[in-house]
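Notes to accompany the following structure.
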Amino acid sequence: MSRVFEGMRARVAGLATAAGAMFVSGGAFAQELMGQPTPGSIGLQPAASPLKHHAHFFHDVILMPIITVITLFVLALLIWVIVRYNKRANPVPARWSHNTLVEVVWTVVPVLILMFIAIFSFRLLFEYHDTPKVDLTVKATGYQWYWGYEYPDQNVSEFVSNMLPEEEAKKRGVPFRLAATEPLVVPVNKTVRVLVTGADVIHALALPAFGLKVDAVPGRVNETWFRAERVGTYYGQCSELCGVDHAFMPIEIKVVSDAEFAAWVASKGGGAPAPTPTALNNQADAANAAAGGPADAAAPAAPAAGAAPINPAASAPATPEPSSTTAPAAAPAPAAKQ
C-alpha cells in the first residue's frame, strides 16, 4: 500500500511541476504583443500604464501565490483522504464527527487571508479613483453599436468610430474586429481623464493594456483615467453585452507625441484648450510677482485737481458740504423807483 501511495505522490508531484513550468514559461510560447491579444499566450496583457502595472502586481504577486497554495493544499488533503481513509485501508470508520480546533482554524484562517487580500485590493481601488492632475479630457459615448469621442478642452466635436471593414484591415495589416475607423488619439505621458456614458443601453469601455473597464450607463457619467507610457496603438472592446452587434464595437487608442497630437487636433478643426479661470488667476499672480506686486492697483486714487484733500480719519459729515467749485448765486435785481 505504501508503494502505491508513493507512486501516486510522485505522479502528482510531477504533474504539479509540469503545470508550474508551463505557467511560468507561458509567455515563451509566443512573443507578447503590446496593446492586443497574443495567440497562445497565458496571463494578462503587457502593461502600458501605471494602473495596469499595479493590477499586474496585485494579480501576480498577491492573488496567484495565495490561490496556488490553497489549491495545492486542498489537492493534498483530497489525496490523503482518498488513500488513507478508503474502505480497504480503513475498514472500521471512526465514530467522532467534530473537532473544535479544526473548525476554529478553518474559520479564522480564511478570514485572515481575506483581510490580507483586502489591504492590496482597496489600495488598488483607491488608485483607480485617485485621479492625478489632468492634462486632457475625453468623453466617450457608447451607441448601438459604435463609439463616439469628443475632446471638450480642444473644441473637437464628437466623431464616430466604427469597426474597420475586414478588407481594409487586411490592407492596413491591423487586427480585424479590433481596429477602428477613427481611433482615440492621445499624447504620450499625459494624464487622460475619460468621461464615459451611454446613449441607449449599457455598454462598457474596456482596454486591457491600460487596465480600463468602465460601464457606459445612459443618463450617468462615469469617470476613469490612464497615462500611456509609450507610443503605439492599443486595442480594446465593449465588454458589456449590449445587443446583436456587441462583438463589433472595437476601441482603438493611438498614443502619439505632443507634436503629432497638436497636428491631429488641428486636422479635426480644434485648437489649444482655453485657459481656465484658475489658470488665468495663476498667470496674473505670477505676472504681478515678477513686476514687484500690484502697487498701482493697491494705491488709493489721487484727488482731483482743485479738490480738498480727504482725511481718512475724519468722520463723514451729516450733510454734504457745498463744493468749492460751485458757481456763486446771482445778486438780486434792484427794486424799481416809484
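The values are calculated or read from the model by the stated rules, or taken from the named source; none is laboratory data. As the structure is a computational prediction, the values presented were derived from the model and not from experiment. Counting neighbours? That spans all protein chains shown, and the Cβs are built from the backbone with ideal geometry, glycine included.
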Residue satisfying condition, being over 20 Å from Ala263 (Cβ atoms) and under 15 Å from the mean Cα position of the chain (by Cα), within set Val196, Val174, Val201: Val196
Filter result for the condition that a residue is touching a helix residue (DSSP H, G or I) at 6+ places or on another chain (Cβ under 9 Å), small (Gly, Ala, Ser) and surrounded by 10 or more Cβ atoms within 10 Å (Cβ to Cβ), over Ala118, Ala48: Ala48
Selected residue (criterion: surrounded by the fewest Cβ atoms within 10 Å (Cβ to Cβ)) from residues of the stretch 146-171 that are within 20 Å of Gly35 (Cβ to Cβ) and within 22 Å of the chain's Cα centre (by Cα): Ser161
So Tyr149, is it under 30 Å from Thr197 (Cα atoms), in the same structural domain as Thr224 (by TED's automatic domain parsing) and touching a Leu at 6+ places or on another chain (Cβ under 7 Å): yes
Qualifying residue in the stretch 223-246 (condition: on the phi > 0 side of the Ramachandran plot and either under 20 Å from the mean Cα position of the chain (by Cα) or in a strand (DSSP E or B) (or both)): yes
Residues of the stretch 187-211 classified as within 14 Å of Lys52 (Cα to Cα), surrounded by 23 or more Cβ atoms within 10 Å (Cβ to Cβ) and out of contact with any helix residue (DSSP H, G or I) (no Cβ under 8 Å at 6 or more places or on another chain), total: 1
Residue list for the stretch 111-169, filter: in a helix (DSSP H, G or I) and of a type in the set (Val, Ile, Thr): Val111, Ile113, Ile117, Ile119
Matching entry among Gln45, Gln36 (being part of a loop (DSSP other than H, G, I, E, B), polar (S, T, N, Q), out of contact with any Asp or Glu (no Cβ under 9 Å at 6 or more places or on another chain) and touching a residue at least 40 places away in the same chain (Cβ under 8 Å)): Gln36
Residue among Glu240, Glu182, Glu260, Glu223 that alone is farther than 21 Å from Leu125 by Cα, among the charged types (D, E, K, R) and in contact with a strand residue (DSSP E or B) (Cβ under 7 Å, 6 or more places away or on another chain): Glu182
Unique residue being part of a helix (DSSP H, G or I), surrounded by 13 or more Cβ atoms within 10 Å (Cβ to Cβ) and modelled with pLDDT of 95 or more when the list is Glu260, Glu252: Glu260
Selection within the stretch 74-101 - over 30 Å from Phe58 (Cα atoms), at pLDDT below 95 and in a helix (DSSP H, G or I): Trp80, Val81, Ile82, Val83, Arg84, Thr100, Leu101
Residues located in the stretch 54-85, provided they are exposed (fewer than 11 other Cβ atoms within 10 Å of the Cβ) and not hydrophobic (A, V, I, L, M, F, W, C): Pro65
Odd one out for Ala179, checked against (1) under 20 Å from Asn222 (Cα atoms); (2) crowded, with 20+ Cβ neighbours inside 10 Å; (3) of a type in the set (Gly, Ala, Ser): (1)
